[in-house]
Amino acid sequence: MAQSNSLRPYLAAVRATLTAAMSLENFSSQTVERHNKPEVEASTSREVLLTPLIISRSANERVLIESSINSVRMSIKIKQADEIEQILCHKFTRFMMVRAESFVILRRKPITGYDISFLITNFHTESMLKHKLVDFIIQFMEDVDKEISEMKLSLNARARIVAESYLSAFGS
């Protein structure tokens with residue numbers, strides 16, 4: 001798939017950062033015996049949390065990568081140029097999040113200020129290939145922008161047809 005010149009370095013930075021952040025290992029809870037919760041979600045031990053990193057393409061398009069010893073949470077703010085794109089983006093991400101169990105690493109609720117979030121734990125990296133997880137997220141980032149653009153074009157085309165048919169009744 002051909003990427004725009006400004007998208008290529010952005011996705012390369014996200015890929016490199018996410019690949020580095022996926023050095024996850026099993027880590028039992030320090031507060032509750034025999035529990036293993038994603039530390040990036042639980043935030044029970046500050047010493048196992050890494051500094052969150054924001055990779056920004058523009059003010060409206062950015063990625064937040066939060067890492068810990070046993071999990072990585074990645075939140076994506078999808079580019080929304082106008083109100084139609086905001087509505088389409090909300091509907092699309094809501095559609096995805098309702099089906100989160102099918103995507104395994106997708107969170108049901110995004111982090112505040114972002115449109116969609118993924119949670120990758122050490123169990124995911126043990127059962128799946130790390131580079132394939134990264135490829136999936138990068139492909140998702142490419143496709144979601146393309147899907148929203150296609151939905152906007154389709155919506156505009158349908159609106160034009162409806163407007164033409166409505167106005168033709170007055171033209172006669």
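The values are calculated or read from the model by the stated rules, or taken from the named source; none is laboratory data. Just so we're clear, the structure is a prediction, and the values are computed from it rather than from any experiment. Ideal geometry is used to build each Cβ from the backbone, glycine not excepted, and the neighbour counts take in all protein chains shown. Accessible surface areas use protein heavy atoms only, side chains included; no ligands, DNA or RNA. Shrake-Rupley method; radii C 1.70, N 1.55, O 1.52, S 1.80 Å.
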Reported set for region 60-79 where residues are open to solvent by 30 Å² or more (accessible area, probe 1.4 Å) and either over 18 Å from A16 (Cβ atoms) or among the polar types (S, T, N, Q) (or both) is N60, I69, K77, K79
Of (1) in a helix (DSSP H, G or I); (2) open to solvent by less than 90 Å² (accessible area, probe 1.4 Å); (3) closer than 30 Å to A20 by Cα; (4) not charged (D, E, K, R), F123 fails just (2)
Is there a residue being in contact with a Phe, Trp or Tyr (Cβ under 9 Å, 6 or more places away or on another chain) and either over 27 Å from S68 (Cβ atoms) or crowded, with 17+ Cβ neighbours inside 10 Å (or both) anywhere in region 149-161? yes
Flagged pairs (Cβ under 7 angstrom, 6 or more apart or on separate chains; first in region 145-172, farther than 24 Å from K79 by Cβ; second hydrophobic (A, V, I, L, M, F, W, C) and surrounded by 11 or more Cβ atoms within 10 Å (Cβ to Cβ)) are none
Screening R15, R8 for residues that are surrounded by 12 or more Cβ atoms within 10 Å (Cβ to Cβ), outside any strand (DSSP E or B) and out of contact with any Pro (no Cβ under 8 Å at 6 or more places or on another chain) leaves only R15
N60 passes all but one of the listed conditions (1) at negative phi; (2) within 13 Å of the chain's Cα centre (by Cα); (3) of a type outside the set (K, R); the exception is number (2)
Cβ pairs under 7 Å, 6+ apart or interchain, first in region 109-128 and in contact (Cβ under 8 Å) with a residue 12 or more places away in the chain, second in a loop (DSSP other than H, G, I, E, B) and charged (D, E, K, R), ordered by first then second residue, are S117/R107; F118/R107; L119/R107; N122/E25
Restricted to region 88-113 and to residues being of a type in the set (S, T, Y) and either open to solvent by 30 Å² or more (accessible area, probe 1.4 Å) or modelled with pLDDT under 90 (or both), the residue farthest from the chain's Cα centre (by Cα) is S102
